[in-house]
Every structure is written in structure tokens, then in C-alpha cells.
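Here's the structure, in C-alpha cells; my notes come after.
The values are calculated or read from the model by the stated rules, or taken from the named source; none is laboratory data. All values reported here derive from a predicted model rather than from experimental measurement. Cβ: placed from backbone, ideal geometry, glycine included. Neighbour counts: every protein chain shown. Side chains are part of the model used for accessible areas, which takes the heavy atoms of the whole protein and leaves out ligands, DNA and RNA. Shrake-Rupley method; radii C 1.70, N 1.55, O 1.52, S 1.80 Å.
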Amino acid sequence: GKGRRGGPRRGGSGSQRERDSMPVRDETSAGGLVVSGLAEAVGEDGELDTSRVYVALIGRLDRRKRLLWSMPKGHVEPGEPRATTAEREVWEETGLSGDVFAEMGSIDYWFVSEGVRIHKTVHHHLLYYVDGILNDEDPEVTEVTWTPLSRLIERLAYADERRLARRALDRMPELARAAKREERWTPR
């Protein structure tokens, strides 16, 4: 099952001594944000209109049946490059095909699952939208949605993902201008 996000548990099951004697396992995941309309949202003045750029988020119900929005992600298979995992997991969880064009950074946290302390590292990427239509057929996903980049931070449920998204937003105007320059010279 999926563990809870964030730092060490307060209270919860087992004493500190029990946790210290548990086996520890490292897990690595990758995922990210599919970005649509980046080049098109750059005005003649070179400014980026973030309300015209869209990113794909997944929603999952928590134990209290609240819908929590986050970035799609999943387990890195042995020998699989992280960018490939990000593209595969985004496709599996959203129905969208994307190409990785930048790294967003990573998040790591601990949780306990079936008597094992797990240290999980998640590597997030930015992906250009290639094609596909949103679908929530993945059993782990309740809902998928396109969200305006301008509303991304307020939509994300987890502080660590909001932190990565803020850093990505700071870089977005520069990435958008680069995308616009490339698009101009790409034969259609």
C-alpha cells in the first residue's frame, strides 16, 4: 500500500525501538508534469501568460475520502532511465504521452509498510504534451484533470510537491521562450 507522505510519524504504530530494528528498503520513483501550450502562451513581449498553460494532475482519495491532487509518478523498473519511467508513469496514470524536457528536482520521505521502513525518493520532470486524452483508467487514480499553471500551487495537496512546483514556475518563462524559439524553426 501507499504510505503517508512527509516526515516521521507522530504516535502511530510501534515504538522508536521497534522502528529502529525494522529492515530498511530504498525505493525510487519518477514522474512529473505534462505541460501543454507553453510556447503558445508567450506573448509578443516575451512574457508568459501562465493562465494559458495547462498541466496534468492526478487525484486520489485519501482515507477520509478527500480528493488530493498530485503529480503522476511510479516505480522505476530495474535498468530503466528515470526520464523513461516519468514518461511511462505519466502515460499510465493520465492517458497522456509526453517527452521529458527538464528536471524539476526530487523529493524524499520515509514511511512504514508491512513492517519495513521505506526510504522513497521521487524524481520529478517536466514533459511536453505530445498527444493523448485524459483518462482515469489506472486503478490507483480517482480523477485526472488539466489545471492552469497559474493555479498549480494551490491545487497540489503536498507541501513537498508545491515546493518543486514553485521552483519550476520560476523557470517556466525562460523554458517557454526557449520552446517558442524552437517551435519557430521546427518544420511542420
In debye to the nearest 20, the charge dipole size for the chain, taken about the Cα centre with +1 at each Lys and Arg Cβ and -1 at each Asp and Glu Cβ, equals 1020 debye
For MET22, the accessible surface traced by a 1.4 Å probe with all protein chains present amounts, in square angstrom to the nearest 10, to 40 Å²
Kindly count the pairs of lysines across the chain whose alpha carbons are less than 27 Å apart, treating pairs on different chains or eight or more residues apart as eligible.
6
Over all Cα pairs of the chain, the Kirkwood radius sets Rh, and Rg/Rh then becomes 1.02
Theoretical FRET efficiency, 1/(1+(r/R0)^6), r = Cβ-Cβ of ASP20 and GLU77, R0 25 Å, to 0.05
0.20
Using helices alone, what [θ] at 222 nm do you get for the chain, with -39,500 (n - 2.57) per DSSP H run of 4 or more residues, divided over all residues and rounded to the nearest 500?
-8000 deg cm²/dmol
Counting Lys and Arg as +1 and Asp and Glu as -1, what is the net charge of the other residues whose Cβ lies under 12 Å from the Cβ of THR147?
0
How would you rank 125-134, 91-100, highest first, on the average number of other Cβ atoms within 10 Å across their residues?
91-100, 125-134
Nearest-5 percent of antiparallel DSSP beta bridges in the chain?
70 percent
Considering every pair of different Cα atoms, what Kirkwood radius, in Å, is found for the range 75-116?
12.3 Å
Quick one: helix 159-185 against the long Cα principal axis of the chain, what's the angle to the nearest 10°, folded into 0 to 90?
30 degrees
Net charge, GLU89 excluded, C-beta distance under 12 Å - Lys, Arg +1, Asp, Glu -1
-4
For the range 74-163, the accessible surface attributable to carbon and sulfur atoms (probe 1.4 angstrom, ligands and nucleic acids excluded) amounts in percent to 47 percent
Which is farthest toward the positive dipole end of the chain among ALA159, SER106, VAL34, measuring Cα position about the Cα centre, with Cβ charges +1 (Lys, Arg) and -1 (Asp, Glu)?
ALA159
In degrees, nearest 10, the alpha-carbon axis of helix 82-94 is tilted away from the dominant principal axis of the alpha carbons of the chain by 90 degrees
Suppose all protein chains stay in the model; what accessible area per residue would a 1.4 Å probe give for the range 37-188, in Å²?
55 Å²
